[in-house]
């Protein structure tokens, strides 16, 4: 837990098996728009660091998928989803355009 807010830290919540992220947003029509999955060579440490950096730009909350139209699926080495991270537009944009540089899947 962080002493200043009393909330759990990302490092305490994320599964240790996390090695990648896949950004997803839901359009006004309800369609899911997925970006290409990004796998980090450094594994868990890189996933956690990337999400901490995104949190500087906006909201990043593990396990809150249903409350937002922007989120990231946390992937393990097999490509299976092990957690979901809720994002706002600013943190989603920071991940997509600066921190992970991924393209929308077609």
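Laboratory data are not the source of any read-out in this text; all were calculated from the coordinates shown. Just so you know, these numbers come straight off a predicted model, no measurement behind them. Virtual Cβ from ideal backbone geometry, glycine too; neighbours counted across all protein chains shown.
Annotations for the structure displayed:
- Gyration tensor (alpha-carbon) shape descriptor, region 1-62, a/c threshold 1.5: oblate
- Of (i) 32, 16, 13; (ii) 28, 14, 13; (iii) 20, 17, 13, the label for semi-axes √(5λ) of the Cα gyration tensor in Å derived from the coordinates: (iii)
- Label-point separation, residue 29 to residue 81 (7 Å along Cα→Cβ), nm: 2.1 nm
- Förster radius 30 Å - calculated FRET efficiency between residue 106 and residue 16, Cβ distance, rounded to 0.05: 0.40
- Extension gain, residue 36 to residue 9, is 7.1 nm, computed as 0.36 nm per intervening residue step minus the present C-alpha separation.
- Packing-based ranking, highest mean first, of 41-48, 83-90 given that Cβ atoms within 10 Å are counted: 83-90, 41-48
- Helix-only mean residue ellipticity at 222 nm for the chain, each DSSP H run of n ≥ 4 adding -39500 (n - 2.57), per residue, nearest 500: -6000 deg cm²/dmol
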